[in-house]
Amino acid sequence: MSDRRSFATTRRGALRAMGAAVGGATLVARTTAAPGSTGKLVFTYDDGPIEDFTHTYRRAHRKEGVPGCSAVPARSVGKGDHLSAAQLRTLEDEGWEIMSHSLHHRALGDITVTEDVAPDDRRLYVKTNLHGKRPGDPLVVSDGSRSTTVTAAGRGSDDRGEFVELESRVGKSFAASDGVTERYADEVLRAALGESRKQLEAHGVTVTNIVMPYGAYGARTQELAGEYYTAVANGGLAIGGRAQIHRPENTTLPHLSRAMFRRGKMTEAELGAFLDRIADADALGILGGHSWWQERLPPGRIRTAIRMAKARNIDIVTLRDALSEFETTGTTGTTTRTRSATTEAGDDGLAAAQRETTGTAETTVADGQPGFGWLAAVVGVGGAAALRRRFGE
């Protein structure tokens, strides 16, 4: 066995042992930033397409000598134009972090019910019918005080709007004016969170953080996420919005926020301002995007962002390593909520309480861009940086 392979295997084994010890608990090293530091920046990429490896890694991050994070739906590994298990391991060996992006890339938030519901109804009219994509999925319909569980049979739309078709009658009445929503039942949420991590780690990588598909992060998902992950890299919904930066004194895991930096989402001037905020506050910032070809985020733009961060002396690290420099509050504490200057989000298809804002144009579910979420979260395992020093990286 070569020295390189011995190192890779040993390091992965150490990370997996640490991840197993940590489980879903919040664990962050109680250390301070290095003297002279001007902040840390994490790059996250959603959906696990092959371009994470061929374009984003090979043509951008590797050339600039910095890591990134690939958020992968567990069931997509090795299928079609998605990353293979071997590529996941290679990325991890090269210093990248592998994150979960759920099991099937389902929207795990609450979706607004737009019309009154009668007991005999077998359709739910909703802002977006994403939850009708997989027949057989159990859904919880609730107005905050009353709830019932129904089963999706399909989805469609008519002149009244989008709807989720149900296998049987709802059985209860709900008034849309009461703020009625529908969400996946707990068994679906737990599988999306826990089973995705289990299946990804079966490929030989360590997973401690997650990016929520579509940015959908409902109240029940927020309650459950900390059982499985240290951080949610796009969890801005839980802390007041998108494109925030994070300081130890106002960060509560698992909820973190990120900014999408593709063309049309963030100008170079806005990117520079975001990086200036990180450097000036010696804080943590997260950038998010997609590597697949429809995304306006080619390797050249990524390299520009990396070089802009380097020019400001910002350390580019994985999310796991970023939090090794933070002193943060665990999930049992009260979340510190912060708001930066933002503009109100447009109609995103999810419940109004889930909207997250940014200083640039919003991407919504209606855009058909998977993973352009309202949530950003950071997961940290305190010993990761020390482990890499130990093994010579």
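Is it true that some residue in segment 41-58 is farther than 30 Å from V180 by Cα, open to solvent by 10 Å² or more (accessible area, probe 1.4 Å), at pLDDT below 95 and touching a helix residue (DSSP H, G or I) at 6+ places or on another chain (Cβ under 8 Å)? Looking for residues that are farther than 30 Å from V180 by Cα, open to solvent by 10 Å² or more (accessible area, probe 1.4 Å), at pLDDT below 95 and touching a helix residue (DSSP H, G or I) at 6+ places or on another chain (Cβ under 8 Å), one finds none in segment 41-58, hence no. crowded, with 24+ Cβ neighbours inside 10 Å and among the charged types (D, E, K, R) - does that describe any residue in segment 263-277? No: zero hits.
Only one entry of A243, A231, A219 meets the criterion of being surrounded by fewer than 24 Cβ atoms within 10 Å (Cβ to Cβ) and in contact (Cβ under 8 Å) with a residue 40 or more places away in the chain, and that entry is A219.
With respect to the conditions (1) buried (at least 18 other Cβ atoms within 10 Å of the Cβ); (2) in contact (Cβ under 8 Å) with a residue 60 or more places away in the chain; (3) touching a Gly at 6+ places or on another chain (Cβ under 9 Å); (4) more than 19 Å from P213 (Cα to Cα), R123 lacks only one, and its number is (2).
For segment 22-34, the condition of being open to solvent by less than 10 Å² (accessible area, probe 1.4 Å), aliphatic (A, V, I, L, M) and at pLDDT below 95 holds for none of the residues.
Just to verify a result, which residue in segment 278-288, among those that are open to solvent by 10 Å² or more (accessible area, probe 1.4 Å) and not in a loop (DSSP other than H, G, I, E, B), is nearest to P248 (Cα to Cα)?
Quick first cut of segment 278-288, residues open to solvent by 10 Å² or more (accessible area, probe 1.4 Å) only: 279-282.
Still in the list and also not in a loop (DSSP other than H, G, I, E, B): 279-281.
Details: A279: 14, D280: 14, A281: 11 Å.
Among those that are open to solvent by 10 Å² or more (accessible area, probe 1.4 Å) and not in a loop (DSSP other than H, G, I, E, B), it is A281.
Residues to consider are H82, H101; find the one that is surrounded by 15 or more Cβ atoms within 10 Å (Cβ to Cβ) and under 24 Å from L256 (Cβ atoms). Show your work before the answer.
Values: H82 fails: under 24 Å from L256 (Cβ atoms).
Just one listed residue meets the conditions, H101.
Could you check, for segment 298-305, whether at least one of its residues is of a type in the set (A, V, I, L, M), farther than 30 Å from A185 by Cβ, assigned to a helix (DSSP H, G or I) and open to solvent by 20 Å² or more (accessible area, probe 1.4 Å)? No, segment 298-305 has no match at all.
Evaluate the following for A152: is it closer than 30 Å to T206 by Cα and either at pLDDT 95 or above or open to solvent by 30 Å² or more (accessible area, probe 1.4 Å) (or both)?
no
The values are calculated or read from the model by the stated rules, or taken from the named source; none is laboratory data. Just so you know, these numbers come straight off a predicted model, no measurement behind them. Please note: Cβ atoms are built from the backbone with ideal geometry, for glycine as well, and neighbour counts cover all protein chains shown. Ligands, DNA and RNA are stripped out before the accessible areas are found, and what is left, the full protein with its side chains, is counted by its heavy atoms. Shrake-Rupley method; radii C 1.70, N 1.55, O 1.52, S 1.80 Å.
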